[in-house]
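Since the structure comes first, as structure tokens, the remarks are kept for the end.
The values are calculated or read from the model by the stated rules, or taken from the named source; none is laboratory data. Bear in mind the structure is a predicted one, so any value in this text is a computation, not a measurement. Reconstructed Cβ throughout: ideal geometry from the backbone, glycine too, with neighbour counts over all protein chains shown.
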Amino acid sequence: MNPIVAKVTNDIIERSKTLRKQYLTDMKKAEEQGPHRGKLSCGNLAHGFAACQPQEKQKLTLMEAANIGIVSSYNDMLSAHQPYEAYPNQIKAAVQEMGSIAQFAGGVPAMCDGVTQGQDGMELSLFSRDNIAQGAAIALSHNMFDAAVYLGICDKIVPGLLIAALRFGHLPSLFVPAGPMPSGITNAEKAAVRQRYAQGQATRDELLEAESSSYHSAGTCTFYGTANSNQLLVEMMGLQLPGSSFVNPDNSLRPALTKYASQLSTKITALGRDYRPLYEIIDERSIVNSIVGLLATGGSTNHTMHIVAYARAAGIIVTWDDFSALSKVVPLMTRIYPNGLADINHFHAAGGMAYLVKQLLKGGLLHEDVNTIVGKGLSHYTKEPFLDGEELVWREGPESSLDEDVIRPIENPFSAEGGLSLLKGNLGRSVIKVSAVKEENRVIEAPAAVFHSQNELAEAIGSGQLKRDCVAVVRFQGPKALGMPELHKLTPFLGNLQDQGYKVALVTDGRMSGASGKVPAAIHLTPEALAGGLIAKIQDGDLVRLDANKGLLSVLISDEELHTRAVATQDLSDSHQGMGRELFSAQRILVSGAEQGACSLFND
């Protein structure tokens with residue numbers, strides 16, 4: 001085991017002792033109840049199985065058959081979730097073959113940052129994670145289930161489901177993916193049209209054609225954003241079947257994997273001899289494994305908040321210092337767009353998860369001795385699934401990369417350090433995704449150009465007002481202010497400035513997500529402007545220095561002047577009404593800072 005990985009793990013264990021002990025006590029107390037519907041009164045139970053068939057009612061009454069709860073994020077508007085329409089019936093049929101029962105416990109919302117990008121609805125995006133966690137908890141609150149199967153794939157959905165699953169950690173829990181859509185036009189082609197449109201050189205019809213050729217069928221988007229980062233991390237934590245994350249929806253493996261996972265859920269309940277509750281699978285080691293996987297692949301910056309939040313749900317305290325320390329020893333092993341030209345299908349074909357896990361284990365960067373849904377040891381995840389006739393089998397994954405432009409061996413990574421860095425300075429703490437930023441663009445010192453919305457900045461660039469070196473500061477975008485919207489709309493505008501030869505960077509208390517690209521972006525700055533962060537004191541023309549190599553972010557004015565400066569204010573009332581935003585006022589009050597997971601669910 002790499003000594004830094006071991007040290008970070010031990011630091012997390014020590015830091016979490018009290019909270020983790022309470023979590024385990026709570027989970028064991030719930031576990032001791034036995035088949036949970038056995039605690040229900042006759043009236044409770046009658047309500048719980050009133051719509052079941054007579055034979056199902058008999059099984060549920062006798063307490064001898066497992067009852068599997070299905071929690072789904074299905075909707076048919078979003079491509080990633082559309083395939084889930086058929087999954088509940090597939091799961092029920094597979095579970096019935098095992099002599100058990102599955103019930104659809106409840107649905108949770110699934111919104112898409114791609115649809116709401118630059119729109120008012122984006123301000124509900126991050127809060128939707130906590131809403132999803134609460135919705136899943138309500139679905140499971142009937143206390144009818146012996147295990148749970150979760151159907152979720154994209155941005156806030158999987159972290160939300162995982163938070164809820166961990167609070168019901170006495171139940172065995174399996175996550176079942178639906179897979180990415182087949183590859184469309186290249187990401188480079190799509191990005192080029194976006195930038196030409198931002199320059200006024202492409203029509204809206206050309207832009208829509210390019211976007212439609214990229215996002216063109218059922219399945220997740222193929223770039224390596226938050227959705228595909230979710231799948232990689234959940235598999236690396238042992239909560240999905242090995243090699244199942246990136247199998248396309250129309251692949252014949254897909255229903256076989258769903259059937260296998262469904263039947264496995266019946267085998268690992270407390271009713272049998274192979275009980276595998278979630279609280280015994282997710283521990284400090286598996287959380288560290290998820291961070292290592294994120295860093296090794298240059299995954300979504302959103303997970304600097306999501307991992308903190310779902311770790312907290314398991315009684316585990318993670319900080320950005322843990323990410324920073326691990327990033328120094330975890331090499332960047334993949335190039336997947338926006339970090340390279342390949343998409344997630346290319347990664348899967350080049351060796352995918354089996355090769356990645358094998359190499360990280362070889363480098364001593366992962367804890368192998370963890371529990372997973374398929375048994376003890378992460379070495380299960382160096383294998384990949386195949387159909388042998390109609391039988392689903394796992395074979396050892398490739399020993400070498402099938403495309404070193406996409407994924408490399410541990411001895412020859414793309415970079416000696418991971419894809420994320422922590423920035424610190426007089427402005428506070430921030431994260432930056434450096435995996436797509438060229439070395440010559442990782443250090444910038446330039447005058448600040450201050451804005452209070454992404455639309456203001458886009459208009460300034462589009463009108464030619466910012467044809468100069470600058471650090472664009474977009475503030476009052478944090479969780480307490482606006483729910484921390486993603487500012488990905490700015491990517492082509494800032495990219496155009498950079499392509500014109502200007503030194504440019506972004507500093508914000510908002511998000512840029514997994515789509516953070518070639519422009520250095522100090523994001524998730526905390527404390528945020530509305531919570532007294534010094535970003536609210538920056539003025540136009542102040543020199544700001546961003547050094548991703550040394551992990552520095554500061555405004556270059558004296559401490560005395562910074563102390564005496566007035567704090568800028570912003571009227572946010574228009575952003576708190578309409579598109580349902582008025583319903584989330586309590587979350588804006590309760591939400592924690594970005595480094596604490598931007599979470600409204602816990603009171604500490």
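Restricting attention to the stretch 1-52, which residues are within 25 Å of ARG273 (Cα to Cα), touching a helix residue (DSSP H, G or I) at 6+ places or on another chain (Cβ under 6 Å) and surrounded by fewer than 17 Cβ atoms within 10 Å (Cβ to Cβ)?
GLN33 - this is the single residue of the stretch 1-52 that is within 25 Å of ARG273 (Cα to Cα), touching a helix residue (DSSP H, G or I) at 6+ places or on another chain (Cβ under 6 Å) and surrounded by fewer than 17 Cβ atoms within 10 Å (Cβ to Cβ).
For the stretch 260-269, check the following and say yes or no: at least one residue is of a type outside the set (Phe, Trp, Tyr), assigned by TED's automatic domain parsing to the domain that holds GLY364, at positive phi and touching a Pro at 6+ places or on another chain (Cβ under 8 Å). Don't jump to the end; show me each part of the working.
So in the stretch 260-269, the residues of a type outside the set (Phe, Trp, Tyr) come out as 261-269.
Okay, now just the ones that are also assigned by TED's automatic domain parsing to the domain that holds GLY364, so 261-269.
Those still in the list that are at positive phi too: none.
No, the conditions are met nowhere in the stretch 260-269.
Is the stretch 96-113 home to any residue that is of a type in the set (D, E, K, R) and without any contact (Cβ under 8 Å) to a residue 60 or more places away in the chain?
Initially, the stretch 96-113 is screened for residues of a type in the set (D, E, K, R), giving 97, 113.
Within this subset, residues satisfying the condition of being without any contact (Cβ under 8 Å) to a residue 60 or more places away in the chain are none.
There is no residue in the stretch 96-113 that is of a type in the set (D, E, K, R) and without any contact (Cβ under 8 Å) to a residue 60 or more places away in the chain.
Of ALA164, ALA139, which residue is over 16 Å from the mean Cα position of the chain (by Cα), in the same structural domain as SER73 (by TED's automatic domain parsing) and touching a residue at least 12 places away in the same chain (Cβ under 8 Å)? It would help to see each step written out before you state the result.
Working: ALA164 fails: over 16 Å from the mean Cα position of the chain (by Cα).
It is ALA139.
Condition check: at positive phi and in the same structural domain as ASP250 (by TED's automatic domain parsing). Does MET98 satisfy that?
Details: at positive phi: no; in the same structural domain as ASP250 (by TED's automatic domain parsing): yes.
Taking the combined requirement at face value, the residue does not satisfy it.
Of all residues in the stretch 426-450, count the ones that are in a strand (DSSP E or B) and either of a type in the set (Asp, Glu) or more than 28 Å from the chain's Cα centre (by Cα) (or both). Please lay out each step first, then the result.
So in the stretch 426-450, the residues in a strand (DSSP E or B) come out as 428-433, 443-450.
Now restrict to residues that are either of a type in the set (Asp, Glu) or more than 28 Å from the chain's Cα centre (by Cα) (or both): 444-450.
Matching residues across the stretch 426-450 total 7.
Of the residues that make up the stretch 564-582, is at least one surrounded by 14 or more Cβ atoms within 10 Å (Cβ to Cβ), out of contact with any helix residue (DSSP H, G or I) (no Cβ under 8 Å at 6 or more places or on another chain) and either modelled with pLDDT of 95 or more or not assigned by TED's automatic domain parsing to the domain that holds PHE223 (or both)?
Looking through the stretch 564-582, none of the residues is surrounded by 14 or more Cβ atoms within 10 Å (Cβ to Cβ), out of contact with any helix residue (DSSP H, G or I) (no Cβ under 8 Å at 6 or more places or on another chain) and either modelled with pLDDT of 95 or more or not assigned by TED's automatic domain parsing to the domain that holds PHE223 (or both).
Go over the candidates LYS480, LYS467 one by one and state the one that is of a type in the set (Lys, Arg) and in a loop (DSSP other than H, G, I, E, B).
On the way: LYS480 fails: in a loop (DSSP other than H, G, I, E, B).
When all the criteria are applied, what remains is LYS467.
Looking at the stretch 593-604, I want the residues that are under 15 Å from ASN131 (Cβ atoms) and have a partner that is hydroxyl-bearing (Ser, Thr, Tyr) with Cβ atoms under 7 Å, at least 6 apart or on another chain. Which pairs are those?
That search, which allows pairs on different chains as well, returns ALA598/SER592; CYS599/SER592.
Pull up the stretch 213-227, narrow it to residues that are out of contact with any strand residue (DSSP E or B) (no Cβ under 6 Å at 6 or more places or on another chain) and within 17 Å of LYS156 (Cα to Cα), then point me to the one that is surrounded by the most Cβ atoms within 10 Å (Cβ to Cβ).
Initially, the stretch 213-227 is screened for residues out of contact with any strand residue (DSSP E or B) (no Cβ under 6 Å at 6 or more places or on another chain), giving 213-218, 221, 223, 225-226.
Filter once more, so that each one left must be within 17 Å of LYS156 (Cα to Cα): 221, 223, 225-226.
Values: CYS221: 24, PHE223: 22, GLY225: 28, THR226: 26.
Ranking the qualifying residues of the stretch 213-227, first place goes to GLY225.
Looking only at the stretch 243-278, which residues are assigned to a loop (DSSP other than H, G, I, E, B) and aromatic (Phe, Trp, Tyr)? Can you show your working first?
From the stretch 243-278, those assigned to a loop (DSSP other than H, G, I, E, B) are 243-252, 268-277; that's our starting set.
Those that are assigned to a loop (DSSP other than H, G, I, E, B) and aromatic (Phe, Trp, Tyr): PHE246, TYR275.
Can SER421 be described as of a type in the set (Ser, Thr, Tyr), in a strand (DSSP E or B), out of contact with any Lys or Arg (no Cβ under 6 Å at 6 or more places or on another chain) and under 29 Å from ARG545 (Cα atoms)? Quick ask: steps written out before the conclusion?
On the way: of a type in the set (Ser, Thr, Tyr): yes; in a strand (DSSP E or B): yes; out of contact with any Lys or Arg (no Cβ under 6 Å at 6 or more places or on another chain): yes; under 29 Å from ARG545 (Cα atoms): yes.
The answer is yes for SER421.
Considering only the stretch 383-396, I want to know if a residue exists there that is in the same structural domain as SER252 (by TED's automatic domain parsing), buried (at least 18 other Cβ atoms within 10 Å of the Cβ) and charged (D, E, K, R).
yes
Only residues that are more than 17 Å from the chain's Cα centre (by Cα) and either crowded, with 24+ Cβ neighbours inside 10 Å or at pLDDT 95 or above (or both): list them for the stretch 100-122, please.
SER100, ILE101, ALA102, GLN103, PHE104, ALA105, GLY106, GLY107 - these are the residues of the stretch 100-122 that are more than 17 Å from the chain's Cα centre (by Cα) and either crowded, with 24+ Cβ neighbours inside 10 Å or at pLDDT 95 or above (or both).
Counting just the residues of the stretch 196-211 that are touching a residue at least 24 places away in the same chain (Cβ under 8 Å) and crowded, with 17+ Cβ neighbours inside 10 Å, which one comes out nearest to the chain's Cα centre (by Cα)?
Among residues in the stretch 196-211 that are touching a residue at least 24 places away in the same chain (Cβ under 8 Å) and crowded, with 17+ Cβ neighbours inside 10 Å, the one nearest to the chain's Cα centre (by Cα) is ALA210.
Hey, among ILE163, ILE185, which residue is of a type in the set (Val, Ile, Thr) and either touching a strand residue (DSSP E or B) at 6+ places or on another chain (Cβ under 7 Å) or buried (at least 24 other Cβ atoms within 10 Å of the Cβ) (or both)? Walk me through it before giving the result.
Numbers: ILE185 fails: either touching a strand residue (DSSP E or B) at 6+ places or on another chain (Cβ under 7 Å) or buried (at least 24 other Cβ atoms within 10 Å of the Cβ) (or both).
Answer to the selection: ILE163.
Among the residues of the stretch 29-37, is any of a type in the set (Asp, Glu), under 20 Å from GLY169 (Cα atoms) and in contact (Cβ under 8 Å) with a residue 60 or more places away in the chain? Before you say what the answer is, go through the steps one by one.
Here is the first cut: in the stretch 29-37, the ones of a type in the set (Asp, Glu) are 31-32.
In the following step, the residues that additionally are under 20 Å from GLY169 (Cα atoms) were identified as 31-32.
Filter once more, so that each one left must be in contact (Cβ under 8 Å) with a residue 60 or more places away in the chain: 31.
Within the stretch 29-37, one or more residues are of a type in the set (Asp, Glu), under 20 Å from GLY169 (Cα atoms) and in contact (Cβ under 8 Å) with a residue 60 or more places away in the chain.
So which of GLY551, GLY462, GLY541 ends up being surrounded by fewer than 21 Cβ atoms within 10 Å (Cβ to Cβ) and either under 29 Å from the mean Cα position of the chain (by Cα) or among the aromatic types (Phe, Trp, Tyr) (or both)?
Matching residue, one of GLY551, GLY462, GLY541: GLY551.
Scan the stretch 360-379 and tell me whether some residue there is among the basic types (Lys, Arg), surrounded by fewer than 22 Cβ atoms within 10 Å (Cβ to Cβ) and part of a helix (DSSP H, G or I). Explain how you work it out, then say what you get.
Kept after step one, since they are among the basic types (Lys, Arg), are these residues of the stretch 360-379: 362, 376.
If we keep only those that are surrounded by fewer than 22 Cβ atoms within 10 Å (Cβ to Cβ) too, we end up with 362, 376.
This time we only want the ones that are part of a helix (DSSP H, G or I), so: 362.
Yes, the stretch 360-379 contains a residue that is among the basic types (Lys, Arg), surrounded by fewer than 22 Cβ atoms within 10 Å (Cβ to Cβ) and part of a helix (DSSP H, G or I).
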